[in-house]
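What follows is a short report on a single structure.
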Amino acid sequence: MITLYDYFRSSAAYRVRIALNLKALDCEHISVNLTKDGGQQFKSDYAELNPQNLVPTLIDGDIKMSQSMAIMEYLDEVYPEPSLLPGDAVDKASIRALANIIACDIHPLNNLRIRLYLEKELDVDEEKRRAWMGGWVRKGFYAFEKLYEEGPRGKFSYGDQPTIADICLIPQIANARRPDHGVDMAEFPILLKIEEACQALPAFEKALPENQADAE
């Protein structure tokens, strides 16, 4: 049995939920609430599992793994069907490039730790925080759409089957719609079409934050 230490609002955990669902893997979900009790990720028992005090953490038998991108590539190696990185070396690199726009360039600048640091440590006011959050999202989304147009232009981010690029994109779109980001998704019609295709799949719908047992 696979165990996922998860939090319904975490976009990184959301990615792994989608990947598990696409591969139809049974999984026990254990909630780690990032805002309750001062942040349950800092409790000693969880810190032993994940020294970064982040979610997700995946346990698969004797294997313990953190970092959503590493987890998804592990799942793709060990449970190869359906592939999250289909195609030849160029296809795989192109898919990773799209995924990394989200996972490496947008998300690290906008996650909970950064939002709290801007607010608590740097005393950045709400308007400037929104400008920070939304600004990095827009830059990344514009680049994503341009790379999409250079690719096979399929139903999904890269071709006609969902990949890790879609798995990263959909949670980031959900974040973009939050009031503290202030992004009007009407600016990104290509991404909206991709989102529609993804959300038509049960694997994506099941992974929605509001469909999790710990949703508030």
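Each value in this text was obtained by applying a stated rule to the coordinates, not by laboratory testing. Note that the structure is a prediction, hence the values are computed from the model and not measured. Note that each Cβ is placed from the backbone with ideal geometry, even for glycine, and that neighbours are counted across all protein chains shown.
Tabulated results
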{"item": "Phi to ³J(HN,Hα) by Karplus 6.51 cos²θ - 1.76 cosθ + 1.60 over the range 60-67, Hz, x for Gly, Pro", "result": "10, x, 8, 8, 10, 8, 10, 6"}
{"item": "Highest-first arrangement of 194-203, 129-138, where packing means the average Cβ count within 10 Å", "result": "129-138, 194-203"}
{"item": "Sorted by Cβ density within 10 Å, fewest first, the residues 59, 18", "result": "59, 18"}
{"item": "Projected area, mean over directions - the range 89-203, Cα convex hull, nm²", "result": "7.2 nm²"}
{"item": "Net charge dipole size for the chain [Lys, Arg +1 and Asp, Glu -1 on Cβ; Debye, nearest 20]", "result": "400 debye"}
{"item": "Number of Lys pairs (Cα under 19 Å; 8 or more positions apart or on different chains) in the range 89-203", "result": "8"}
{"item": "Theoretical FRET efficiency, 1/(1+(r/R0)^6), r = Cβ-Cβ of residue 70 and residue 123, R0 35 Å, to 0.05", "result": "0.50"}
{"item": "Cα-projected label distance for residue 105 with residue 24, points at 7 Å along beta-carbon direction, nm", "result": "3.6 nm"}
{"item": "By average C-beta atoms within 10 angstrom, highest first, the peptides 24-30, 139-145", "result": "139-145, 24-30"}
{"item": "Projected area averaged over orientations for the range 25-115, convex hull of C-alpha atoms, nm²", "result": "7.2 nm²"}
{"item": "The range 1-72-the range 173-212 distance, computed between alpha-carbon centres (Å)", "result": "21 Å"}
{"item": "Normalised per residue, the volume of the convex hull around the Cα set of the chain (Å³)", "result": "120 Å³"}
{"item": "Cα-projected label distance for residue 35 with residue 192, points at 7 Å along beta-carbon direction, nm", "result": "2.7 nm"}
{"item": "Where labels lie 7 Å past Cα in the beta-carbon direction, separation of residue 89 and residue 3 in nm", "result": "4.0 nm"}
{"item": "Nearby aspartates and glutamates by direct alpha-carbon distance to residue 64 (threshold 18 angstrom, same-chain neighbours under 8 apart not counted)", "result": "6, 26, 28, 45, 48, 73, 76, 77"}
